[in-house]
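Chemist: Okay, handing you the structure first.
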Amino acid sequence: MSTPDKPGTNPPKEDVFDPQTEGMTAKKVVNGGGNITDYLLYIPDGYNTRKDYRWPLVIFLHGIGEIGTNVDVLRNVALPRVVKGQPFVMIAPQCTRNWWNGESLQALYKEVLAKYHVDSNRVILTGLSMGGMATWDWICANPNNFAAAVPISGKGDPNQVSKIKKMPIWAFHCADDPTVSVEGSRAPVKALQAIGGNIKYTEYPTGGHDAWTRAYATPELYTWILSQHK
């Protein structure tokens, strides 16, 4: 029996399994519009044989330097560069212009959940810089979408975090970041701590704007990601 189409639930469709190419491939958004037309898709080993298993999904949002129309540039950036071997599906969309758009992201989210064999109760959002800011914004705007979030070198609104009090969040930032002030993470983190939020925070004393290389090289982060479930 199908279930109602609610945020955070699997789409109300028959459980049809479509084989996918394992590893990293570039994909086109089916329902075009907005400023997302392409994304990288990472399919883990075993996806095509474990037809009775819905995989965790990690959505990665890049920074301002990767805005454009060549999605392949994302292959050598942050999480896509090191994701090989991880037991989850990864989606890395490319913003073609301006800034991450909430409506475009939400449309992609729905398309991906309907298309791939993933668990809507195990969707984790992460992003860096511009993508870190969008991570904070998106989880506050649509908290039911996600099981957890990992914003890196971003900026969140401390006045909005009451909406994500129960969501597990692990934020990263460098104290000497010259591009996005460390207060961009400190402020929402402190606000969540004040209301008893489920927040972890790693602040590196040095490193400039790049907190993501160390963050995505942290084995404990993936253990944490894979433990999240709504």
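Chemist: Answer yes if at least one residue in the stretch 42-56 is surrounded by fewer than 15 Cβ atoms within 10 Å (Cβ to Cβ) and among the aliphatic types (A, V, I, L, M), and no otherwise.
Modeler: Checked against the condition, which is being surrounded by fewer than 15 Cβ atoms within 10 Å (Cβ to Cβ) and among the aliphatic types (A, V, I, L, M), the stretch 42-56 yields no hits at all.
Yes or no, residue by residue, for (1) closer than 18 Å to Q228 by Cα; (2) in contact with a His (Cβ under 9 Å, 6 or more places away or on another chain); (3) without any contact (Cβ under 8 Å) to a residue 24 or more places away in the chain:
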{"residue": "A134", "(1), (2), (3)": "no, no, no"}
{"residue": "N142", "(1), (2), (3)": "yes, no, no"}
{"residue": "K166", "(1), (2), (3)": "yes, no, no"}
{"residue": "I169", "(1), (2), (3)": "yes, no, no"}
{"residue": "V180", "(1), (2), (3)": "no, yes, no"}
{"residue": "A215", "(1), (2), (3)": "yes, no, no"}
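Chemist: Is it the case that some residue within the stretch 204-226 is more than 22 Å from K84 (Cα to Cα) and among the hydroxyl-bearing types (S, T, Y)? Step through it out loud before you land on a result.
Modeler: Here is the first cut: in the stretch 204-226, the ones more than 22 Å from K84 (Cα to Cα) are 204-209.
Checking the rest, the ones that are also among the hydroxyl-bearing types (S, T, Y) come to 204, 206.
Taking every residue of the stretch 204-226 in turn, at least one turns out to be more than 22 Å from K84 (Cα to Cα) and among the hydroxyl-bearing types (S, T, Y).
Chemist: Being surrounded by fewer than 21 Cβ atoms within 10 Å (Cβ to Cβ) and either in a helix (DSSP H, G or I) or among the hydroxyl-bearing types (S, T, Y) (or both) is the requirement here; does K84 meet it?
Modeler: no
Chemist: Name the strands (runs of 3 or more DSSP E) wholly inside the stretch 115-230 in which the number of residues that are within 14 Å of the chain's Cα centre (by Cα) and either at pLDDT below 95 or buried (at least 21 other Cβ atoms within 10 Å of the Cβ) (or both) is 3 or more. Break it down into steps so the answer makes sense when it comes.
Modeler: On the way: elements: 118-128, 148-152, 169-174, 199-204.
Strands (runs of 3 or more DSSP E) meeting the threshold: 118-128, 148-152, 169-174.
Chemist: Right, here's the next one. Between a first residue in the stretch 111-125 that is basic (K, R) and a second residue that is crowded, with 21+ Cβ neighbours inside 10 Å and at pLDDT 95 or above, which pairs have beta carbons less than 6 Å apart while being 6 or more apart in sequence or on different chains?
Modeler: Short answer, once both residue conditions are applied: R122/P56; R122/A147.
Chemist: Enumerate the pairs (first residue in the stretch 37-51 and within 28 Å of N70 (Cα to Cα) and in contact (Cβ under 8 Å) with a residue 40 or more places away in the chain; second residue anywhere and polar (S, T, N, Q) and assigned to a strand (DSSP E or B)) with beta-carbon separation below 6 Å, excluding pairs fewer than 6 apart on the same chain, so at least 6 apart or on different chains.
Modeler: D38/Q94; L41/T25
Chemist: Name the single residue, out of those in the stretch 90-114 being of a type in the set (S, T, Y) and in a helix (DSSP H, G or I), that is nearest to T37 (Cα to Cα).
Modeler: It comes out as S104.
The values are calculated or read from the model by the stated rules, or taken from the named source; none is laboratory data. Note that this is a predicted model, so its numbers are computed, not measured. Here the Cβ is made from the backbone with ideal geometry for all residues, glycine too, and neighbour counts use every protein chain on show.
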